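Report on the structure given below.
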Amino acid sequence: GELREWAGPVQEVISPMFERQPDGTLKPRVIGSYPLFDEAEAIKALDAAVQAYNFGRGEWPMMSVAERIAAVEKFTRLIVARKAEIVKLLLWEIGKSAADSNKEFDRTIDYIRNTIDALKDIDRDSSRFTIEEGIIGQIRRSPLGVVLCMGPFNYPLNETFCMLIPALIMGNTVLFKPPKHGTLLHFPLLAAFAEAFPKGVVNTVYGRGNTVVPALMASGKIDALGLIGSSRVADSLKKMHPKSNRLRAILGLDAKNAAIIMPDADLTVAVQESLLGALSFNGQRCTALKMFLVHESIADEFVQRLATEINKLKPGMPWDAGVNITPLPEPQKPAYLAEIIADAEAYGARVMNEGGGTAAGPLVYPALLYPVQAGMKVWREEQFGPVVPVARFAQTEEAIQYLIDSDHGQQVSIFGSESQEVADLIDQLVNQVSRVNLNAQCQRGPDTFPFTGRKDSAEGTLSVNDALRSFSIRTVVATKL
Ligand code: G3H
């Protein structure tokens, strides 16, 4: 809630954007460092948030919605002025292309502005009076308390803010821990937080997730957890809370979204959307297409056309024009991808594109694997990287069964004509996932659409409108007439 100097231990940040030496070796670049909090330091940040909330009687939760909006608007003006620094850090820390880094920033600002607009609907809720059985009820929306927000490395700004801003607007006080890859880009925001919000309302926690976050959860003082990350982490954090029934969890988790390509699909559209769906930002999106189920009558042609498109992709550094494949920020990822490619090859799949799977340090060239079959690691594991598995099916029922058997249930894409068969398929698949895309890749946007999932893919719903509801509770003031 206030700017503090840090004199304790720090974690160096090594950019995935390596420098190639004249002898061909790759030289890592240290681009900054961040504070390494211990448990006690994290608890100090928590105490600041608890104190600012003050059992719902603090200045922030008691403020009018209009005043809270004014603070968020001030914050937005302040961060827009720092856009260039934030975008540059996005590019250096996580390797997002210049265009996509700019897009992430702009999408975040739009998200904030649209959230403020959406609040008008919620406000209408609060001013609604219901008269029933001699009682007049005023429905309100009240805060939950102290919210811990943790966004993922692939959208470190946007997906932190799509939880943090609605939580703040609804009157909660907030702690947030930036993702390990994507921490430095939050530094330019700190002064804006301190200037726009009262002391203790927004608090940043730095350090190793497995040290500081358990301390926060075990305190029992976190009322809501907003996490976009893995279901394994979410499960263990929820269990650390001493009274899990007092914790509201709003979670965006693992996904293994599939594309089902029907025999009558327009292959030009299917290939183009598949390319974007599988390989935008190197496939590092929870919504990425991570499995392709293609009807056997068109599978060979689909694979050959997709391989041709993948061969045109240009690997390089995110600031270079025309580059679409960039270094991966997770240091262990290239080895993992090599492992799942080797596993698929051992069971009969082939890499179908030129140089697929080759790597220079963190820069991994995409691999199109075909034919993929049940039992291979890539059949079920979420690769979250540039590996594109294609399997064949004979009967549509096999594709449906793939989704039924999955532990995930975020989205699916169907490519096919607008036939009765496709309409029936949509009707079946809406009961398996939370969004069905027809002739389009899977994606989160538009941000007004509910963003959620079934099974291990989500808990609660995020979106411009839904997040305001997720981070608040409906309360009633009931007066007997
Ligand atoms: O990583 C998960 C994101 O929510 C994906 O968002 O579909 O806009 O890329 P996106």
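Could you tell me whether any residue of the stretch 169-182 is without any contact (Cβ under 8 Å) to a residue 60 or more places away in the chain, on the phi < 0 side of the Ramachandran plot and assigned to a strand (DSSP E or B)?
yes
Would you check if there is a residue in the stretch 426-434 being surrounded by fewer than 21 Cβ atoms within 10 Å (Cβ to Cβ), over 14 Å from residue 260 (Cα atoms) and within 16 Å of the ligand (Cβ to nearest atom)?
yes
Within the stretch 45-67, does at least one residue satisfy the condition of being among the basic types (Lys, Arg) and outside any loop (DSSP other than H, G, I, E, B)?
No, because not a single residue in the stretch 45-67 is among the basic types (Lys, Arg) and outside any loop (DSSP other than H, G, I, E, B).
Across the stretch 275-289, what is the number of residues that are farther than 14 Å from residue 154 by Cα and within 11 Å of the ligand (Cβ to nearest atom)?
Going through the stretch 275-289 one residue at a time, the tally reaches 3.
Hey, any hits in the stretch 351-369 for a residue that's closer than 24 Å to residue 268 by Cα, touching a Ser or Thr at 6+ places or on another chain (Cβ under 9 Å), modelled with pLDDT of 95 or more and in a strand (DSSP E or B)?
yes
If I filter the stretch 20-33 for residues that are touching a residue at least 60 places away in the same chain (Cβ under 8 Å), of a type outside the set (Ser, Thr, Tyr) and touching a Pro at 6+ places or on another chain (Cβ under 8 Å), do I get at least one hit?
Checking the stretch 20-33: not a single residue is touching a residue at least 60 places away in the same chain (Cβ under 8 Å), of a type outside the set (Ser, Thr, Tyr) and touching a Pro at 6+ places or on another chain (Cβ under 8 Å).
Exactly one of (1) buried (at least 20 other Cβ atoms within 10 Å of the Cβ); (2) within 16 Å of the ligand (Cβ to nearest atom) is unmet by residue 390. Its number?
The one condition residue 390 does not meet is (2).
When only residues in the stretch 209-231 that are within 16 Å of the ligand (Cβ to nearest atom) and not in a strand (DSSP E or B) count, which is farthest from residue 177 (Cα to Cα)?
This residue is 231.
So, in the stretch 273-319, how many residues would count as being more than 24 Å from residue 263 (Cβ to Cβ) and either at pLDDT 95 or above or not aliphatic (A, V, I, L, M) (or both)?
The total comes to 18.
Looking at this structure, is residue 367 touching a residue at least 60 places away in the same chain (Cβ under 8 Å) and of a type in the set (Gly, Ala, Ser)?
No: the conditions fail for residue 367.
Of the residues that sit in the stretch 239-255 and are closer than 20 Å to residue 461 by Cβ and part of a loop (DSSP other than H, G, I, E, B), which one is nearest to the ligand (Cβ to nearest atom)?
If we take residues in the stretch 239-255 being closer than 20 Å to residue 461 by Cβ and part of a loop (DSSP other than H, G, I, E, B), then 255 is nearest to the ligand (Cβ to nearest atom).
Please go through the stretch 129-157 and give me each residue that is farther than 19 Å from residue 234 by Cβ and either within 19 Å of the chain's Cα centre (by Cα) or within 16 Å of the ligand (Cβ to nearest atom) (or both), ordered by number.
The one that is farther than 19 Å from residue 234 by Cβ and either within 19 Å of the chain's Cα centre (by Cα) or within 16 Å of the ligand (Cβ to nearest atom) (or both): 157.
Table: residues versus (1) surrounded by 17 or more Cβ atoms within 10 Å (Cβ to Cβ); (2) modelled with pLDDT under 95; (3) within 17 Å of residue 178 (Cα to Cα).
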residue: 3; (1), (2), (3): no, yes, yes
residue: 22; (1), (2), (3): no, yes, no
residue: 29; (1), (2), (3): no, yes, no
residue: 36; (1), (2), (3): no, no, yes
residue: 60; (1), (2), (3): yes, no, no
residue: 83; (1), (2), (3): no, no, no
residue: 107; (1), (2), (3): yes, no, no
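Please determine, by comparing only the residues of the stretch 442-479 that are surrounded by fewer than 22 Cβ atoms within 10 Å (Cβ to Cβ) and of a type in the set (S, T, N, Q), which one is nearest to residue 403 (Cα to Cα).
443
From the list 411, 432, exactly one residue is polar (S, T, N, Q) and touching a residue at least 60 places away in the same chain (Cβ under 8 Å). Which is it?
After ruling out the rest, the residue left standing is 411.
When residues of the stretch 261-274 are filtered for being touching a helix residue (DSSP H, G or I) at 6+ places or on another chain (Cβ under 7 Å), aliphatic (A, V, I, L, M) and either within 12 Å of the ligand (Cβ to nearest atom) or part of a helix (DSSP H, G or I) (or both), how many remain?
Here the count works out to 3.
The values are calculated or read from the model by the stated rules, or taken from the named source; none is laboratory data. Only a predicted model underlies this, so the values are computations on that prediction, with no experimental measurement involved. Every residue, glycine among them, receives a Cβ derived from its backbone with ideal geometry; neighbour counts consider all protein chains shown.
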